[in-house]
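Colleague: I'd like to ask some things about the structure below.
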Amino acid sequence: MSQRILLAEDEEHIAKLVQFKLTKAGLDFTWAKNGLEAYEQIRTGQFGLVILDIMMPGLDGWAVVAKLAEEEFKPFPRILMLSARGFQHDLGMAAKLGIRHYLKKPFDPNEMLETVKKVLQEPMPT
Amino acid sequence: MSPAEKDPEFEQLRQEYHAALGKRAQETQAVLGSLSTNPVEVDGADWTRILYIAHKTAGLAATYDMPHLTDLCAALDDGMLGFKEKQNAQVPGTSFQAWCRLLHEALVYGSQGKDPVHLEIPELRG
């Protein structure tokens, strides 16, 4: 089961922070700067977890998940959505796309790492 | 948030973030400059850019010990978005100018590593 992690995030300073925490914890980390890049990376099938920002230029986080779901892409990675807006705002989309894991920004880096570790322990979506 | 990381690498990231806030302050200054010559009309690109800066700043400032900057930018982000959605009309240039000015001042403070607690969280009425 792949433990490789992809972060899809257009804010460089969040990406650097996540990279700092994950690589220090010995985790394999790749950064996609926008939704399209994330979509293309995910389709290589090498990632077990995608940390996906919602608000990105071009293809946003929800569009990436919807596109993969529409294509019935497998192996579908575990998804951890990131958003600065309240989860309530996105509950409908999350339910529709079967997304269960959500981290609100700004996050505590240690809590982010613990959440990532927890999600990585779950089985991959079927 | 957890107590600040006492890691030189984390501190380096913090300094880089402060520098980035300085660059964002320069962008807001540029928008204010164009508004000063034509305060009535709000340029769509300027609106989008200011909203983006507020949104992205809200999503990270508190992680680097500036929670008030997060709250202020989140209020601007939510308020501006809500204003546009409800009003469905041209936003008054004078209102946009005031929001830009507030964001600019907050970013200047943030670029110095200071949380702009003296600035009141705005209530944007749409």
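The values are calculated or read from the model by the stated rules, or taken from the named source; none is laboratory data. Computed from a prediction, not measured in an experiment: that's the story for all the values here. Every residue, glycine as well, gets a Cβ built from its backbone with ideal geometry; the counts of neighbours run over all protein chains shown.
Colleague: Which residues, counting only those in the stretch A:22-33, are within 14 Å of another protein chain (Cβ to nearest Cβ) and surrounded by fewer than 18 Cβ atoms within 10 Å (Cβ to Cβ)?
Modeller: A:THR23, A:LYS24, A:ALA25, A:LYS33
Colleague: Regarding A:SER2, is this residue among the hydroxyl-bearing types (Ser, Thr, Tyr) and within 13 Å of chain B (Cβ to nearest Cβ)?
Modeller: It is false that A:SER2 is among the hydroxyl-bearing types (Ser, Thr, Tyr) and within 13 Å of chain B (Cβ to nearest Cβ).
Colleague: Output the residue which, of all residues in the stretch B:29-41 that are under 13 Å from B:SER95 (Cα atoms) and either within 14 Å of chain A (Cβ to nearest Cβ) or buried (at least 17 other Cβ atoms within 10 Å of the Cβ) (or both), is modelled with the lowest pLDDT.
Modeller: Among those that are under 13 Å from B:SER95 (Cα atoms) and either within 14 Å of chain A (Cβ to nearest Cβ) or buried (at least 17 other Cβ atoms within 10 Å of the Cβ) (or both), it is B:LEU35.
Colleague: Of the residues that sit in the stretch B:42-72 and are charged (D, E, K, R) and over 16 Å from A:MET55 (Cβ atoms), which one is surrounded by the most Cβ atoms within 10 Å (Cβ to Cβ)?
Modeller: Within the stretch B:42-72, the match that is surrounded by the most Cβ atoms within 10 Å (Cβ to Cβ) is B:ASP46.
Colleague: Next question. Looking only at helices (runs of 4 or more DSSP H) that fall completely inside the stretch A:1-109, which ones have 2 or more residues that are of a type outside the set (Gly, Ala, Ser), in contact (Cβ under 8 Å) with a residue 40 or more places away in the chain and under 17 Å from B:LYS56 (Cα atoms)? Don't jump to the end; show me each part of the working.
Modeller: Details: elements: A:12-24, A:35-42, A:61-70, A:87-97.
Helices (runs of 4 or more DSSP H) meeting the threshold: A:12-24.
Colleague: If a residue has to be part of a loop (DSSP other than H, G, I, E, B), of a type outside the set (Gly, Ala, Ser) and within 11 Å of another protein chain (Cβ to nearest Cβ) to count, how many in the stretch B:42-76 make the cut?
Modeller: Applying the first criterion (part of a loop (DSSP other than H, G, I, E, B)) to the stretch B:42-76 yields B:42-43, B:59-60, B:65-66.
After this cut, where a residue has to be of a type outside the set (Gly, Ala, Ser) as well, the list is B:42-43, B:60, B:65-66.
Still in the running and within 11 Å of another protein chain (Cβ to nearest Cβ): B:60, B:65-66.
The number of residues fulfilling the criteria is 3.
Colleague: Here is a further query. Can you say whether B:ALA75 is modelled with pLDDT of 90 or more and either crowded, with 19+ Cβ neighbours inside 10 Å or under 12 Å from the mean Cα position of the chain (by Cα) (or both), as far as the supplied structure shows?
Modeller: Numbers: modelled with pLDDT of 90 or more: yes; either crowded, with 19+ Cβ neighbours inside 10 Å or under 12 Å from the mean Cα position of the chain (by Cα) (or both): yes.
So B:ALA75 fits the description; yes.
Colleague: Pick from the stretch A:60-82 the residues that are aliphatic (A, V, I, L, M) and surrounded by 18 or more Cβ atoms within 10 Å (Cβ to Cβ): which of them is nearest to A:PHE107 (Cα to Cα)? So that I can check it myself, show each step before the final result.
Modeller: Residues of the stretch A:60-82 aliphatic (A, V, I, L, M): A:63-66, A:68-69, A:79-82.
Then keep just the ones that are surrounded by 18 or more Cβ atoms within 10 Å (Cβ to Cβ); that gives A:64-65, A:68, A:79-82.
Details: A:VAL64: 22, A:VAL65: 22, A:LEU68: 27, A:ILE79: 17, A:LEU80: 13, A:MET81: 12, A:LEU82: 9 Å.
Taking the candidates together, the pick is A:LEU82.
Colleague: For the stretch A:110-126, give me the residue count where each residue is within 11 Å of chain B (Cβ to nearest Cβ) and either part of a loop (DSSP other than H, G, I, E, B) or of a type in the set (A, V, I, L, M, F, W, C) (or both).
Modeller: Total satisfying the criteria: 2.
Colleague: Which numbered condition in (1) within 13 Å of another protein chain (Cβ to nearest Cβ); (2) over 18 Å from A:LYS33 (Cβ atoms); (3) among the β-branched types (Val, Ile, Thr) is the only one that A:ILE54 fails?
Modeller: (2)
Colleague: On the given criteria, is A:LEU91 hydrophobic (A, V, I, L, M, F, W, C), away from chain B (no Cβ under 14 Å) and out of contact with any helix residue (DSSP H, G or I) (no Cβ under 9 Å at 6 or more places or on another chain)?
Modeller: Working: hydrophobic (A, V, I, L, M, F, W, C): yes; away from chain B (no Cβ under 14 Å): yes; out of contact with any helix residue (DSSP H, G or I) (no Cβ under 9 Å at 6 or more places or on another chain): yes.
Yes: the conditions hold for A:LEU91.
Colleague: Residues of the stretch B:94-117 being within 14 Å of B:CYS73 (Cα to Cα), free of Cβ contacts under 8 Å to residues at least 60 places away in the same chain and either part of a helix (DSSP H, G or I) or not β-branched (Val, Ile, Thr) (or both), which ones?
Modeller: Once the filter is applied, which keeps residues that are within 14 Å of B:CYS73 (Cα to Cα), free of Cβ contacts under 8 Å to residues at least 60 places away in the same chain and either part of a helix (DSSP H, G or I) or not β-branched (Val, Ile, Thr) (or both), the stretch B:94-117 yields B:ALA98, B:TRP99, B:LEU102, B:GLU105, B:ALA106, B:TYR109, B:ASP115, B:PRO116.
Colleague: Out of the residues in the stretch B:78-115 that are more than 30 Å from A:LEU17 (Cα to Cα) and of a type in the set (A, V, I, L, M, F, W, C), state the one that is modelled with the highest pLDDT.
Modeller: Looking at residues that are more than 30 Å from A:LEU17 (Cα to Cα) and of a type in the set (A, V, I, L, M, F, W, C), I get B:ALA98.
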